[in-house]
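Notes follow the structure.
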Amino acid sequence: MQTTFTEKQLQDPGIQRSNEILRNCVHCGFCTATCPTYQVLGDELDSPRGRIYLIKDMLENDRDPDAKTVKHIDRCLSCLACMTTCPSGVHYMHLVDHARDYIEQRYKRPFSDRALRWILARILPYPMRFRLALVGAKLGRPFARLMPDARLRAMLEMAPKKIPAVSRNDDPQSFAPEVPRVKRVALMTGCAQRALNTDINDATIRLLTRLGCEVVVAEGAGCCGALTHHMGKTTESHATAAKNIRAWAREMDGEGLDAIVINTSGCGTTVKDYGHMFRNEPLAADAKRVSEIAMDVSEVLMQLDVPEGADKEMVVAYHAACSLQHGQQIKTYPKDLLKRAGFTVVEPSDAHLCCGSAGTYNLMQPEISKKLKDRKVRTLEAKQPDVIAAGNIGCMMQIGSGTKKPIVHTVELLDWATGGPQPPAMIEDFNPRSEIPKLR
């Protein structure tokens, strides 16, 4: 694609990077075939190619964003299926992130939009605030239908039936390996996940220590910054990301780290991009070091001696989170690990398509999100699984709200198969009309 940025414009690092990305696009339209919003809405401007044209026009002309451009960029899930499909290697993620930052700086949203984004940015990244909000949402859920705004209804409906107690495993500390140490790793405990589902981090710690890892929860680490980053709130996202970089750099410079383990794939995609995000900032060197050892939990487990298990006679429908299969290009590891543990693994049709969660997307674009959720649930249930597994808390909450099948994190099943407890969700949330799966 030909671009006409001026030399002055290209002095801006964001414009320079976007120019490189735009020039790689050859208008082929392969991306439209795998774009969920294009499939749902059928509008060229709701496809990656259409959004690329809108972004190019906005940036080249150095103009303030208009409502039309903002609407179509806001509708993007950032599922990154287009990047997997693109034969030209267009790095759409960096382009749309830059566009969102640009919009945040130069577009005044309606008051209701500004208020919603302000609330989400100041609640979701903070576990205790989020817990309090979930309690309030749980109390207000019976009145959700009375809410005039679909986004407010979505916020009330997202509250889980049971809000878990705080897990002290998420506090800064070190967990010793149960066998001779083979790795020293830092576990990213996250933010929203700590409020929504404490079983995931608990299972991850048990599993890693059982396989010979010393697991460190670093002092000062917390939210990865993804939620605010994808809203275009760059200052806020970089502030929280910087805390992680400093916390993990201290561990790397102290006793050393073999990996930073991330069990929420949306966070993993962002942490692996810290090197790019901070490329022009004082923390650039440390951010690059952090990105280089950041790993999804499935990547770390593939390096460890996960025991081979007997046939469990249990069918697991594996949902591939977009941030894992497209953002990190990890496609087979979770399935390989589940099969090794003895589970029968099945996948839904159109496994490459998003479930509609996408960070805060299900709260800000609830109508589109619901259509994607309903389709994903139908394709998963069509496989008649005993349980559904995923590697991202957002996907788990989204899919879990539309099915009576138990949904758990991949590490919970692997922990169970190697000596840990049965995932609580398989007991508490399983359809009472059916038999609860037992490990055979």
Worksheet entry | Shape call, the stretch 334-397: gyration tensor on alpha carbons, a/c limit 1.5 | prolate
Worksheet entry | Accessible-area composition of the stretch 198-265, carbon plus sulfur, in percent [1.4 Å probe] | 46
Worksheet item: Compactness ratio of the stretch 1-88: Cα Rg over 2.2 N^0.38 Å, N = residue count?
Response: 1.09
Worksheet item: Can you give the net charge of the other residues whose Cβ lies under 10 Å from the Cβ of Pro127, counting K and R as +1 and D and E as -1?
Response: +2
Worksheet item: Counting alpha carbon pairs within less than 8 Å and at least 6 residues apart, what relative contact order, in whole percent, applies to the stretch 21-68?
Response: 27
Worksheet item: Say R0 is 25 Å: what FRET efficiency, to the nearest 0.05, do Glu44 and Ala351 get from their beta-carbon distance?
Response: 0.50
Worksheet item: Out of residues 5 or more away from Gly342 or on other chains, whose amide H comes under 5 Å of its own, with H placed 1.01 Å from N in the peptide plane?
Response: Gly309
Discussion item. Tell me which of Tyr107, Thr6, Cys28 sits at the most positive position along the dipole axis of the stretch 1-137, charges placed on C-beta atoms (Lys, Arg +1; Asp, Glu -1).
Written reply: Tyr107
Item to complete: Over 23 Å, how big is the tail of the calculated P(r) for the stretch 171-253, in percent of all Cα pairs?
Response: 28
Worksheet, complete the sentence: Here the FRET efficiency for Arg141 versus Glu7, based on Cβ atoms and R0 = 56 Å and rounded to 0.05, is 0.50
Practice prompt. Would you mind calculating the relative contact order of the chain from Cα pairs under 8 angstrom and at least 6 residues apart, reporting the percent as a whole number?
Written response: 13
Worksheet item: Can you pull the accessible area of Cys213 for me, 1.4 Å probe, Å² to the nearest 10?
Response: 0
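Among DSSP beta bridges whose residues both lie in the chain, state the antiparallel percentage, nearest 5.
15
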Worksheet item: Given the C-alpha centroids of the stretch 77-136 and the stretch 1-60, what is the distance between them in whole angstrom?
Response: 18
Practice prompt. State the percent of C-alpha pairs, over all pairs in the chain, separated by a distance greater than 44 angstrom.
Written response: 9
Worksheet entry | Protein accessible area in the stretch 267-312, 1.4 Å probe - carbon and sulfur % | 51
Worksheet item: Roughly how much of Glu347 is accessible, in Å² to the nearest 10, using a 1.4 Å probe?
Response: 70
Worksheet item: How many percent of the accessible area of the stretch 1-158 is carbon or sulfur, using a 1.4 Å probe?
Response: 55
Worksheet item: Taking the Cα centre of the stretch 194-278 as the origin, how large is its charge dipole in debye, to the nearest 20, when only Lys and Arg (+1) and Asp and Glu (-1) carry charge on their Cβ atoms?
Response: 240
Response to the item:
Over all directions, the stretch 144-205 yields a Cα convex hull whose mean projected area in nm² is 5.7
Worksheet item: In the chain, what cysteines have no partner Cβ closer than 4.7 Å?
Response: Cys25, Cys28, Cys35, Cys76, Cys86, Cys213, Cys355, Cys395
Response to the item:
Answer in debye to the nearest 20: the dipole magnitude of the chain about its Cα centre, from +1 Lys/Arg and -1 Asp/Glu charges placed on Cβ, is 1220
Fill in: With DNA, RNA and ligands ignored, accessible area of Ser349 (1.4 Å probe; Å², nearest 10)
60
Worksheet, complete the sentence: Given a 1.4 Å probe, the accessible area of the chain per residue, as a whole number of Å², is 43
Practice prompt. Mind putting a number on the dipole of the stretch 1-147 about its Cα centre? Charges go on the C-beta only, +1 for Lys and Arg and -1 for Asp and Glu, and I need it in Debye to the nearest 20.
Written response: 940
Worksheet entry | Simple spin-label estimate for Arg109 and Ala310 in nanometres, 7 Å along Cα-Cβ | 5.5
Worksheet, complete the sentence: For the stretch 1-108 the mean separation of alpha carbon contacts under 8 Å (6+ apart) over residue count, i.e. relative contact order in percent, is 31
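May I ask for the net charge around Lys138, where only other residues with Cβ less than 10 Å from the Cβ of Lys138 are counted and Lys, Arg are +1 while Asp, Glu are -1?
After counting each charged neighbour, the total is +3.
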Fill in: Along principal axes, Cα extents of the stretch 180-315, largest first, whole Å
50, 33, 22
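The values are calculated or read from the model by the stated rules, or taken from the named source; none is laboratory data. The structure displayed is predicted, hence computed values, not measured ones. Here the Cβ is made from the backbone with ideal geometry for all residues, glycine too, and neighbour counts use every protein chain on show. Ligands, DNA and RNA are stripped out before the accessible areas are found, and what is left, the full protein with its side chains, is counted by its heavy atoms. Shrake-Rupley method; radii C 1.70, N 1.55, O 1.52, S 1.80 Å.
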